[in-house]
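What follows is a structure written as structure tokens; I'll ask about it next.
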Amino acid sequence: MIKLMDLINERMYGKQLNDKWYPAHSREALSWSLTHDYVPIYPKTMETIIGKVPIDAFHVTDPNHIKTLKDIIGKKKSISTFNAANKSSQLAKGRGVQTGSGGVIFHVSGLLLAQKGMDFDTVPDLKGRRWVKGYHIFGDDTLRGALKRAKLPDYSEWKDIEYEISDAIEDDPKYDDLPYTKRIEAVKKALGPITAKHLKKYIDTTNKLLKSNKKKVVANLTKSSNETNSWWNEILIYNVKVKDVFVLKRVWEDYYFQNDSQSSTIDEPEESYKKTLLSYVDEKDITVGTPAQFRKWYTARKGEITV
């Protein structure tokens, strides 16, 4: 018989939570919270600290993510943008960071969520929150101290919680001789309310911490930096609106960018990237050109290329 605690040991490898135990929306947030390194920031909280600060910036992506941006325009979900990139970086050449080839550059406006003069490795979750390392926000161990005082569990302590639940189910006669998949479902059901309670406490604790450390938050997350580095700055914005777009010629002229494609799994053709883009950007606001022409377009809109 496969024991639940054996499965737990397997899935704790790399400190990742397995799909079988948690819904996707809570698994992501739980993973970040258990590191004790990250703070979730959200527009509602940040507006009480810094207000509504309008800002223009640039977002580089590839054709596959054109629809993704369409789906968050005007909403509270944030995107990562920039307005200063080193001349040797991929962003200064119109290539993406997370998306590799890039080639589609959006000039956008929005409201400031946070910014630093460097890429500070923020991560989004499915609820629209951005998780930011506490050090970038407070500049010290403020976060870890607060979490310790609140008695919030880390990965090791959370594993103990899981062991306690799995042991209780192992010892319950009603689960005798059931396949382990059924016992997994029982553990998942038991972990649900515990996870929800933990995340609420974590978010409440960090929101309170952000508000009580307003000066640090403003100093560390809202001011643009005059320092240059070998990469780019990162600006998180929400309530995004597209001003205009530059598409590299190699991308624009690609067959799959221009034409609908027929999938073997669907009856209707899949809409082309161009058609999706034109569904929310007027064609007169799209410029097509080379990387050199992109840099001129970018700097004409007050984007900075640093040395």
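Each reported figure results from applying straightforward, stated rules to the coordinates on display, with no laboratory input. Just so you know, these numbers come straight off a predicted model, no measurement behind them. Don't worry about glycine lacking a Cβ; one is built from the backbone with ideal geometry, like all the others, and counts go over all protein chains shown.
Which links in LYS52/LYS75; LYS151/LYS214; LYS243/LYS284; LYS20/LYS182; LYS67/LYS275 stretch past 21 Å when you go from one Cα to the other?
Numbers: LYS52/LYS75 14 Å; LYS151/LYS214 23 Å; LYS243/LYS284 11 Å; LYS20/LYS182 11 Å; LYS67/LYS275 10 Å.
Check vs 21 Å cut-off fails for LYS151/LYS214.
For a quick size check, give me the Cα extents of region 154-307 along its three principal axes, largest first, whole Å.
Principal extents (largest minus smallest coordinate, Cα): 70, 56, 27 Å.
Sticking with this one: Report the label-to-label distance for TYR180 and GLU271 in nanometres (one decimal), using points 7 Å from each Cα along the Cα→Cβ vector.
For the pair TYR180/GLU271, the computed spacing is 4.5 nm.
Which length gain, in nm to one decimal place, applies between GLN258 and GLU164 when the Cα-Cα distance is subtracted from 0.36 nm times their residue separation?
Answer, rounded to one decimal: 28.2 nm.
Can you pull out the trypsin sites (Lys or Arg not before Pro) in region 265-307 whose DSSP state is coil and whose Cβ has at most 12 other Cβ atoms within 10 Å? Walk me through the numbers before you get to the answer.
Values: sites: LYS274, LYS275, LYS284, ARG295, LYS296, ARG301, LYS302; in loops: ARG301, LYS302.
Of the trypsin sites (Lys or Arg not before Pro), the ones in loops of region 265-307 whose Cβ has at most 12 other Cβ atoms within 10 Å are LYS302.
Report the semi-axes of the equivalent ellipsoid for the chain in whole Å, largest first, where each axis is √(5λ) for an eigenvalue λ of the Cα gyration tensor.
The equivalent ellipsoid of the chain has semi-axes of 40, 27, 15 Å.
Return the sequence-ordered ³J(HN,Hα) values of region 192-202 in whole Hz as given by the Karplus equation 6.51 cos²θ - 1.76 cosθ + 1.60 applied to θ = phi - 60°, using x for Gly and Pro.
x, x, 5, 5, 4, 5, 4, 5, 4, 5, 4
When N counts the residues of region 140-204, how does its alpha-carbon radius of gyration compare numerically with 2.2 N^0.38 Å, as a ratio?
Working: Rg = 15.2 Å, N = 65, 2.2 N^0.38 = 10.7 Å.
My calculation over the Cα atoms of region 140-204 gives 1.41.
Dipole size in debye (nearest 20) for region 31-190 around its Cα centre, Lys and Arg Cβ +1, Asp and Glu Cβ -1?
Details: 25 positive and 22 negative charges, 233 e Å.
Roughly 1120 debye, rounded to the nearest 20.
Next question, about the same structure. When only DSSP loop residues count, what trypsin sites (Lys or Arg not before Pro) in region 30-116 have their Cβ near at most 14 other Cβ atoms within 10 Å?
Details: sites: LYS44, LYS52, LYS67, LYS70, LYS75, LYS76, LYS77, LYS87, LYS93, ARG95, LYS116; in loops: LYS52, LYS75, LYS76, LYS77, LYS87, ARG95.
In loop regions of region 30-116 (DSSP not H, G, I, E or B), the sparsely surrounded trypsin sites (Lys or Arg not before Pro) are LYS52, LYS75, LYS87.
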